Amino acid sequence: MAAAAPPPPPSEPIDPTTLQTRKPLGHPLFSRIRLATPLDVPHIHQMAVFERLTHLFSTTESSLSATLFPNPATTPTPPPFHTFTVFILEVSPTPFPPTSHPHFTPILKTHHLDLPITDPDRDAFQTCSNDAVVAGFVLFFPNYSTFLAKPGFYIEDLFVRECYRRKGFGKMLLSAVAAQAARMGYGRVEWVVLDWNVNAIRFYEEMGAQVLQEWRVCRLTGEALQAYADK
């Protein structure tokens, strides 16, 4: 009978510091979701301009600032999540420093992309922190359900800039709103979706949202609103 083969030589011990410094595969991109400030108003307004949606609204930077961030000296302002609230999504090629806020701790995440993102409008959306740019936002406010006897959040706007879409950023913004609702003991989060946007409908259903086919959005606005008010 042939002799058994000798055991393999022991492998070299792994230095833990090498594992910590080893670079991950792909192209890292760092994201942060934080509460908006008045300095973000131009970016919120610009996102509609770059999407060529200005024919659908009459808002200006001044009117956005006055309604989203009224002067506390003249208008009592409720804290975030008890009135109109905006989460800003920022991305950066370098990590964001840890920050704190009395009402919301920013959400930080690292993404490893197969290819770097080319942002042709980077200069227009650059912020003053950490070489970051604004990639999207979500605007929401509280509502109330008599069926649940609980408040909830209604999402009015969810927007991710074109070059940052299909990367999971929209899901991050939705998750941030849902997490805040759960944290506050709220009963639900609601929004609307266009009936032809089958990709968005499929995405929302996959994340567990119910698409209520039997409901329709009713709206009084402009001259119709004024005419009804005058009756």
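The values are calculated or read from the model by the stated rules, or taken from the named source; none is laboratory data. Please read all numbers here as calculations on a predicted model, not as lab measurements. Note: ideal-geometry Cβ built from the backbone for every residue, glycine included; neighbour counts use all protein chains shown. Only protein heavy atoms, including side chains, enter the accessible area calculation; ligands, DNA and RNA are left aside. Shrake-Rupley method; radii C 1.70, N 1.55, O 1.52, S 1.80 Å.
Below is a table of values for the structure above.
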{"quantity": "Pair list, Cβ < 6 Å and 6+ apart or interchain, from the stretch 73-85 residues that are part of a loop (DSSP other than H, G, I, E, B) to residues that are at pLDDT 90 or above", "calculated": "Thr77/Pro70; Pro79/His103; Pro80/Leu35; Pro80/His103; Phe84/Leu68; Phe84/Phe141"}
{"quantity": "Residue in the stretch 196-203 that is modelled with pLDDT under 95 and closer than 25 Å to Asp40 by Cβ present", "calculated": "yes"}
{"quantity": "Conditions (1) of a type in the set (Ser, Thr, Tyr); (2) part of a loop (DSSP other than H, G, I, E, B); (3) under 28 Å from Leu56 (Cβ atoms); number of the one not met by Tyr154", "calculated": "(2)"}
{"quantity": "Residue match in the stretch 122-136 (condition: part of a loop (DSSP other than H, G, I, E, B), touching an Asp or Glu at 6+ places or on another chain (Cβ under 7 Å) and not aliphatic (A, V, I, L, M))", "calculated": "yes"}
{"quantity": "Residue ID - nearest to the chain's Cα centre (by Cα), chosen from residues in the stretch 157-200 that are assigned to a helix (DSSP H, G or I) and aromatic (Phe, Trp, Tyr)", "calculated": "Phe169"}
{"quantity": "Of residues in the stretch 63-74 being among the polar types (S, T, N, Q) and open to solvent by less than 90 Å² (accessible area, probe 1.4 Å), the one modelled with the lowest pLDDT", "calculated": "Asn71"}
{"quantity": "Which listed residue is loosely packed, with under 12 Cβ neighbours inside 10 Å and in contact (Cβ under 8 Å) with a residue 40 or more places away in the chain, from Leu148, Leu173", "calculated": "Leu148"}
{"quantity": "Pair list, Cβ under 7 Å, 6 or more apart: the stretch 97-113 residue on the phi < 0 side of the Ramachandran plot, other residue open to solvent by 90 Å² or more (accessible area, probe 1.4 Å)", "calculated": "His112/Leu25"}
{"quantity": "Matching residues in the stretch 188-210 - criterion: being open to solvent by less than 90 Å² (accessible area, probe 1.4 Å) and more than 18 Å from Glu156 (Cβ to Cβ)", "calculated": "Val198, Ile201, Phe203, Met207, Gly208"}
{"quantity": "Among residues of the stretch 91-121, those that are open to solvent by 50 Å² or more (accessible area, probe 1.4 Å) and not in a loop (DSSP other than H, G, I, E, B), counted", "calculated": "5"}
{"quantity": "Residue within the stretch 78-90 that is more than 19 Å from Leu174 (Cα to Cα) and open to solvent by 70 Å² or more (accessible area, probe 1.4 Å) present", "calculated": "no"}
{"quantity": "Residue satisfying all of: in the stretch 36-59; out of contact with any strand residue (DSSP E or B) (no Cβ under 7 Å at 6 or more places or on another chain), open to solvent by less than 40 Å² (accessible area, probe 1.4 Å) and under 25 Å from Thr105 (Cα atoms); modelled with the lowest pLDDT among these", "calculated": "His45"}
